[in-house]
Amino acid sequence: MQHRSTWWKTAIGIVLTLIMLFPVYWMVNIAFTQRRSIRSGDLIPLDFTLDNFAAAFESQLPYLGTSLVIALGCVIVTLLIALPSSYAIAILHIKGRKTLNFLLIVAQMIPAVVMALGFYQIFSDIGLLDSLPGLIVADSTIAVPFAVMLLTGFMAGMPRSLIEAAQIDGASLWTVFTKIVIPLSRNTIVTTSLFSFLWAWSDFMFASTLDSGGGKMRPITMGIYDFIGSQNQEWGPMMATAVLASVPTALLLIVAQKYVAAGVTAGAIKD
């Protein structure tokens, strides 16, 4: 078959990529531009400054720390729940696993705003409003169903002969879980951890509903509102804060890229 030129497809891909990345570039551009020159709309920061980042560091570091604690807490809670749950569904074949899988799908279809309203009343009754544990629990409810489904798909595709051989050698269910299943699930665990971290890090709905009065204990998605007033908006520091908040997620995606590529396709093909 004669090879057809695909240069035009590459060109379209590049153009679409540039269009999608332009808001990110504009955010960085504004972050390095003096306030007096922002309205000029220069495509490059001609009136260059680092003052916006200085203001962001001065006021936003507590919020960044809060977001980091919440995101890491969400990852830990998600893995503690999702790993044994997936093992029980995929390997132990517990009763009602089909119903559980259906409920996991339904759980991901519930809008976050509906969940936030329900959580508000519950957290108000048990004293978890405006607290880090409250946000960790709320964010985990989004991450856990996805993690269980992804991990279950991978574990279901594990060679049964490997698990049966370990059991014949006297390995208990716990030993199989900790010594075989978890190490083999490394890529999928990294993938679920990354998505859990990103969901918690970028959460706004739960943060604005359940932690709006948390002061300096609010996450960065709420802390950025310190630059928005009724009469004035500090666009430079605001964009500088957005850049700072984007750096950890970008680094995580770069470092974990190969694990994510392997993890999202895990379980798609069974041996």
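The values are calculated or read from the model by the stated rules, or taken from the named source; none is laboratory data. Values in this document were obtained by computation on a predicted structure and should not be read as measured data. All Cβ positions, even for glycine, are placed from backbone atoms using ideal geometry, and neighbour counts span all protein chains on display. The accessibility values were calculated without ligands, DNA or RNA, using every heavy atom of the protein model including side chains. Shrake-Rupley method; radii C 1.70, N 1.55, O 1.52, S 1.80 Å.
Does the stretch 167-187 contain at least one residue that is at negative phi, under 20 Å from the mean Cα position of the chain (by Cα), open to solvent by less than 50 Å² (accessible area, probe 1.4 Å) and not small (Gly, Ala, Ser)? Yes: one or more hits.
Looking at the stretch 124-190, none of the helices (runs of 4 or more DSSP H) lying wholly inside it contains 2 or more residues that are among the basic types (Lys, Arg).
Of all the listed residues (Gly118, Gly73, Gly65), the sole one being in the same structural domain as Leu150 (by the TED database), in a helix (DSSP H, G or I) and within 30 Å of Gly157 (Cα to Cα) is Gly73.
Just wondering, is there one or more residues in the stretch 146-154 that are among the β-branched types (Val, Ile, Thr), out of contact with any Pro (no Cβ under 8 Å at 6 or more places or on another chain) and at pLDDT 90 or above? Among the residues of the stretch 146-154, at least one is among the β-branched types (Val, Ile, Thr), out of contact with any Pro (no Cβ under 8 Å at 6 or more places or on another chain) and at pLDDT 90 or above, which makes the answer yes.
Applying the criterion of being among the polar types (S, T, N, Q) and either within 16 Å of Gln233 (Cβ to Cβ) or in contact with a Lys or Arg (Cβ under 8 Å, 6 or more places away or on another chain) (or both) to the residues of the stretch 24-55, the residue that is modelled with the lowest pLDDT is Ser37. Screening Pro237 with (1) at pLDDT 90 or above; (2) under 15 Å from Ala71 (Cβ atoms) gives one miss only, at (2).
Find the residue count for the stretch 147-163, including only residues that are without any contact (Cβ under 8 Å) to a residue 60 or more places away in the chain and surrounded by fewer than 19 Cβ atoms within 10 Å (Cβ to Cβ).
So the answer is 3.
Selection of the stretch 198-215 for residues being more than 15 Å from Asp226 (Cα to Cα), small (Gly, Ala, Ser) and not in a loop (DSSP other than H, G, I, E, B) yields only Ala200. Note on the stretch 66-101: residues that are open to solvent by 50 Å² or more (accessible area, probe 1.4 Å), of a type outside the set (Lys, Arg), modelled with pLDDT of 85 or more and more than 23 Å from the chain's Cα centre (by Cα) amount to 4. Every listed requirement among (1) surrounded by 10 or more Cβ atoms within 10 Å (Cβ to Cβ); (2) outside the structural domain of Arg218 (by the TED database); (3) in a helix (DSSP H, G or I) is met by Met20 save one, (1). Taking residues in the stretch 31-57 that are within 16 Å of Ala242 (Cα to Cα) and open to solvent by less than 30 Å² (accessible area, probe 1.4 Å), and partners anywhere that are in a loop (DSSP other than H, G, I, E, B) and of a type in the set (Asp, Glu), the pairs with Cβ atoms closer than 6 Å and at least 6 places apart or on different chains are Thr33/Asp47.
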